[in-house]
1. Considering only residues that are assigned to a strand (DSSP E or B) and small (G, A, S), which ones fall in the stretch 4-29?
2. Scan the stretch 213-231 for residues that are closer than 12 Å to L156 by Cα, free of Cβ contacts under 8 Å to residues at least 60 places away in the same chain and of a type in the set (V, I, T) and jot them down.
3. Tell me yes or no: at least one residue of the stretch 202-225 is in contact with a Phe, Trp or Tyr (Cβ under 7 Å, 6 or more places away or on another chain) and modelled with pLDDT under 95.
4. In the stretch 64-104, what count of residues is obtained for those that are out of contact with any strand residue (DSSP E or B) (no Cβ under 8 Å at 6 or more places or on another chain), buried (at least 16 other Cβ atoms within 10 Å of the Cβ) and touching a residue at least 40 places away in the same chain (Cβ under 8 Å)?
5. In the stretch 252-261, how many residues are closer than 30 Å to D36 by Cβ and outside any loop (DSSP other than H, G, I, E, B)?
6. Which ones in the stretch 48-65 are in a helix (DSSP H, G or I) and under 17 Å from the mean Cα position of the chain (by Cα)?
7. Go through the stretch 11-58 and give me each residue that's among the β-branched types (V, I, T), under 19 Å from P234 (Cβ atoms) and not assigned by TED's automatic domain parsing to the domain that holds Q97.
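The values are calculated or read from the model by the stated rules, or taken from the named source; none is laboratory data. This structure is a prediction, so every number in the text was calculated from the model and none was measured. Glycine gets a Cβ as well: all are built from the backbone with ideal geometry, and neighbour counts include every protein chain shown.
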Amino acid sequence: MPTVNIVTDSTADLKEEIYSQFNISRVPLKVMIGKDVYRDGVEISPDQFYNRLMQGDLATTSQPSPGEFARFFKDKTTNGDRVICLTLSSKLSGTYQSACIGSGMATGQVEIIDTQSASWGVGLMAIAASRAVSEGKTYAEITKIINELTSKIKILFLVDSLQYLERGGRIGKAQAFLGSLLNIKPILCIRDGLVYPYEKVRGKAKGLERMIRIVEKDTDGAEIVCAVLGGGDPRARETLLQKTKERLNCREIWQGDVGPVIGCHTGPGVVGIIYYTL
């Protein structure tokens with residue numbers, strides 16, 4: 001009987017053991033630091049990456065080529081198997097378009113979904129899709145579950161500086177926060193696949209508290225699935241994780257990293273929460 005294979009690009013930022021546990025495959029983007037080129041999530045860890053950034057190295061990224069996607073899809077659609085591929089928001093990267101072109105070069109049935117999300121927003125969708133596969137749901141049912149989550153998943157994140165988003169051209173509507181006063185930390189969100197400003201706070205501690213209050217008000221005690229993430233600031237991530245455990249109604253809570261590709265645009269010190277209500 002044909003299998004449904006769940007595929008993401010590497011910006012889903014899942015840990016290796018989670019990819020393995022849920023039988024999720026990934027197509028890696030690339031990170032360039034100086035003359036060094038790494039496959040995201042494969043050849044450079046988040047810790048190694050943020051250490052390089054904090055030493056002053058500059059990093060850029062590139063998406064997989066259509067040919068890379070095509071070869072991957074051909075391998076995953078042998079024996080009539082099918083693929084559902086979830087990508088980073090098309091408004092943040094050309095990865096979705098590259099995957100669409102690659103799917104046209106493959107011969108099997110491949111569905112490309114623009115998640116309008118990033119990092120563990122993509123990852124949480126992939127985990128839900130994998131569970132649906134295990135439950136024996138049909139291809140159409142799995143696709144419907146993912147599409148419903150694209151409008152439910154919410155992302156809030158705090159960055160130490162907007163310079164990385166500005167430098168990478170991914171600042172979106174958050175450019176309104178440029179030129180802020182010293183020690184003002186921007187809380188940002190992703191809405192309709194773009195980065196938007198949410199509000200400004202003075203200091204990181206207040207920013208972490210404010211994010212929890214925003215989620216408390218938004219969810220109003222409803223049960224949620226969430227992921228608490230950080231990059232280059234484990235203490236801030238742990239603080240946010242503890243607040244999440246104590247004050248939100250979490251059926252499931254994951255702790256993870258903002259990976260190198262997303263980290264190129266957020267910079268070190270990023271911390272955030274990604275969630276959806278049940």
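1. S25
2. Answer for the stretch 213-231, where residues must be closer than 12 Å to L156 by Cα, free of Cβ contacts under 8 Å to residues at least 60 places away in the same chain and of a type in the set (V, I, T): I214, V228.
3. no
4. 0
5. 6
6. Result: F49, Y50.
7. I44 - this is the single residue of the stretch 11-58 that is among the β-branched types (V, I, T), under 19 Å from P234 (Cβ atoms) and not assigned by TED's automatic domain parsing to the domain that holds Q97.
Here is a yes/no grid of residues against (1) assigned to a strand (DSSP E or B); (2) over 30 Å from T266 (Cα atoms); (3) of a type in the set (D, E):
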residue: E68; (1), (2), (3): no, no, yes
residue: K74; (1), (2), (3): no, yes, no
residue: S90; (1), (2), (3): no, no, no
residue: Q116; (1), (2), (3): no, no, no
residue: G121; (1), (2), (3): no, no, no
